[in-house]
Amino acid sequence: DGFPAPRLFSQGVSYTYDDVIFLPGYIGFPADAVDLTTRLSRRIPLAIPCVASPMDTVSEAAMAAAMASLGGVAAVHCNTEPHIQASIIRAAKSRRLPFVSSVPFFSPASTPSLSDFAGHDYALVTERGDSLSKLVGIAVAAEISSRVVPVSEYMRPAPRSVSSSFDFEQAASILVDEGLDYASLVSDDGEVIDVITAKDVERIRSYPKLGKPSLGADGKFVVAASIGTREDDKRRLEQLVNAGANAIVVDSSQGNSIYQLDMIKYAKKMYPEVDLIGGNVVTITQAQNLVNAGVDGLRVGMGSGSICTTQEVCAVGRGQATAVFKVASYARDHSVPVIADGGISNSGHIVKALSLGASTVMMGSFLAGSHEAPGTYEHKDGRLVKKYRGMGSLEAMIKGSDARYLGDTLKLKVAQGVVGAVADKGSVLKFIPYTMQAVKQGFQDLGASSLQSAHDLLWSDTLKLEVRTGAAQVEGGIHGLVSYEKKAF
Ligand code: XMP
């Protein structure tokens, strides 16, 4: 009944997630008992199999703190100056709270206008206007004077401080117990880091309870970061490692290149303590080269991303279901975790990626448009949207990401991605827990009580699949209704 994966994927056909469907197994446990713990790379355990993509409309400090506090991880993008990328990593790792507000800092003598608050309700006032000098007050945007006067004339006294080593519940109970509207977040070294408000507490308490966060050996959030494969990326690498990056993603659309292999060997030699993720690959041969060079994780996908045009522009790539299965069938013999990158638009795609051998999924569009994604919301056709763009889009390349697409040595720039927008999705702190619950239900239907047991079903040929015809795909989606409202939670 049905085909085992090795048979289905050896027919010379490239399948996407939507092309295939699993046959159900036997349910012998409740969905809540499903264990989704996994590994990002050889030495980095995660409580949930979710990775935020290193893209400049997805992964900066707020996403990194939120993903780590959920038990996943974000890879901070490299489409910016190395010192800025390093400061994003430091910001995410400087706290145990699931958010980063990035409020502005002013000195008492400064005369900011409302726009200097950059949409924040509060700003911190320190002696020199930086995070390292003494906190002297807090300025409230709603109380800004219409006259040009120094902040010192209208600021409120320095708020109570909360240690940056406190987790959310510890910090929240101080605000609630003491009836505070806000408190400052201060490190043990006295660095002023952020503001936590009663509004933040109320918002985060309305989400599902946070599980086990991803913490590194340093006791701080696990944060990954991407680099390119140019010579000057070696200096970037050094700054990222110094900032505490736990894993480095070598970011190329086609990872089987002399540039990437050289970078992997260099990074492994210089920073053996940091896990190195290579890619992207879609074939066993590509994967072999990266594994032989010493990678600790493999990023799989070429042209499957929602904003990708690589397959159309370059005629190279592979259906994502086939790519994940093929690379995983090789990587498992070397104990190298596979990251299924791109093409995730629902929880079923996550179940498919993991059950076809991946250890995690990397997501761009699924996380873009969230509260934690960089950028601001705009109104478009009556909807609230945030920008989401391919790192190979002209717009992103002009900002600097063209090394990923090996275009840096070419005079003519050809885009391999597009710029778009995605609808407001709310906070990842809310929709990722719901998505993981849906993934657990999928695993339960398959009879897999953990990621390991899903992989055991796959590699023992117990997992059975079939290809869906076009009509079967239509049948599997919503159909036959005049109108409907699609709401998952
Ligand atoms: P999703 O489907 O999650 O895909 O939005 C995210 C992944 O897409 C890749 N990526 C690109 N691929 N051109 C491409 O061909 C691009 O401009 C581009 N930008 C990102 C990347 O692997 C990412 O994780």
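The values are calculated or read from the model by the stated rules, or taken from the named source; none is laboratory data. Only a predicted model underlies this, so the values are computations on that prediction, with no experimental measurement involved. As a convention, Cβ positions derive from the backbone with ideal geometry for all residues, glycine included, and neighbour counts pool all protein chains shown. Just so you know, the surface numbers come from the protein's heavy atoms only, side chains and all, with ligands and any DNA or RNA stripped out. Shrake-Rupley method; radii C 1.70, N 1.55, O 1.52, S 1.80 Å.
All told, residue 31 falls short of being more than 16 Å from the ligand (Cβ to nearest atom), open to solvent by 20 Å² or more (accessible area, probe 1.4 Å), on the phi < 0 side of the Ramachandran plot and not polar (S, T, N, Q).
Test residue 64 against the criterion of being small (Gly, Ala, Ser) and more than 23 Å from residue 339 (Cα to Cα), and give yes or no. The answer is no for residue 64. Of the numbered criteria (1) open to solvent by 30 Å² or more (accessible area, probe 1.4 Å); (2) at pLDDT 95 or above; (3) over 29 Å from residue 10 (Cα atoms), the one residue 445 fails is (3). Summed over segment 404-434, the residues that are within 13 Å of the ligand (Cβ to nearest atom) and at pLDDT below 70 give a count of 4. Could you say whether any residue in segment 265-280 is within 16 Å of the ligand (Cβ to nearest atom), of a type in the set (Val, Ile, Thr), modelled with pLDDT of 95 or more and touching a helix residue (DSSP H, G or I) at 6+ places or on another chain (Cβ under 7 Å)? Taking every residue of segment 265-280 in turn, none turns out to be within 16 Å of the ligand (Cβ to nearest atom), of a type in the set (Val, Ile, Thr), modelled with pLDDT of 95 or more and touching a helix residue (DSSP H, G or I) at 6+ places or on another chain (Cβ under 7 Å). Just one residue in the set 451, 412, 458, 481 is in contact with a strand residue (DSSP E or B) (Cβ under 8 Å, 6 or more places away or on another chain) and aliphatic (A, V, I, L, M); that residue is 451. Among the conditions (1) buried (at least 18 other Cβ atoms within 10 Å of the Cβ); (2) of a type outside the set (A, V, I, L, M); (3) away from the ligand (no atom under 15 Å from the Cβ), residue 72 misses just one, which is (3). Of the residues screened, residue 432 is not one that is open to solvent by 80 Å² or more (accessible area, probe 1.4 Å) and under 28 Å from residue 307 (Cβ atoms).
Each residue in segment 263-303 was checked for being under 17 Å from residue 253 (Cβ atoms) and among the basic types (Lys, Arg), and 1 of them qualify. When 244, 255, 279 are checked against the criterion of being open to solvent by less than 10 Å² (accessible area, probe 1.4 Å) and on the phi > 0 side of the Ramachandran plot, a single residue qualifies: 279.
Take residue 51 and tell me if it is surrounded by 24 or more Cβ atoms within 10 Å (Cβ to Cβ), in contact (Cβ under 8 Å) with a residue 24 or more places away in the chain, in contact with a helix residue (DSSP H, G or I) (Cβ under 8 Å, 6 or more places away or on another chain) and closer than 18 Å to residue 341 by Cα. It is true that residue 51 is surrounded by 24 or more Cβ atoms within 10 Å (Cβ to Cβ), in contact (Cβ under 8 Å) with a residue 24 or more places away in the chain, in contact with a helix residue (DSSP H, G or I) (Cβ under 8 Å, 6 or more places away or on another chain) and closer than 18 Å to residue 341 by Cα. Taken over segment 292-321, the criterion of being surrounded by fewer than 23 Cβ atoms within 10 Å (Cβ to Cβ) and away from the ligand (no atom under 14 Å from the Cβ) is satisfied by 292, 293, 294. Tell me, please, whether a residue that is touching a residue at least 40 places away in the same chain (Cβ under 8 Å) and of a type in the set (Phe, Trp, Tyr) can be found in segment 153-171. Within segment 153-171, one or more residues are touching a residue at least 40 places away in the same chain (Cβ under 8 Å) and of a type in the set (Phe, Trp, Tyr).
Among all residues of segment 243-259, there is at least one that is assigned to a helix (DSSP H, G or I) and of a type outside the set (Ser, Thr, Tyr).
Restricting attention to segment 150-185 and to residues that are under 22 Å from residue 134 (Cβ atoms) and among the aromatic types (Phe, Trp, Tyr), the residue that is most open to solvent (accessible area, probe 1.4 Å) turns out to be 166.
Is it fair to say residue 477 is modelled with pLDDT under 90, open to solvent by less than 70 Å² (accessible area, probe 1.4 Å) and away from the ligand (no atom under 16 Å from the Cβ)? Taking the combined requirement at face value, the residue satisfies it. With respect to the stated conditions, residue 41 is among the polar types (S, T, N, Q), under 15 Å from the mean Cα position of the chain (by Cα) and closer than 23 Å to residue 329 by Cα.
If you filter segment 324-379 down to residues that are acidic (Asp, Glu) and away from the ligand (no atom under 14 Å from the Cβ), you find that the one that is farthest from residue 305 (Cα to Cα) is 333. Residues in segment 312-334 that are more than 16 Å from residue 255 (Cβ to Cβ) and either touching an Asp or Glu at 6+ places or on another chain (Cβ under 8 Å) or part of a helix (DSSP H, G or I) (or both): 312, 313, 319, 321, 322, 325, 329, 332, 333.
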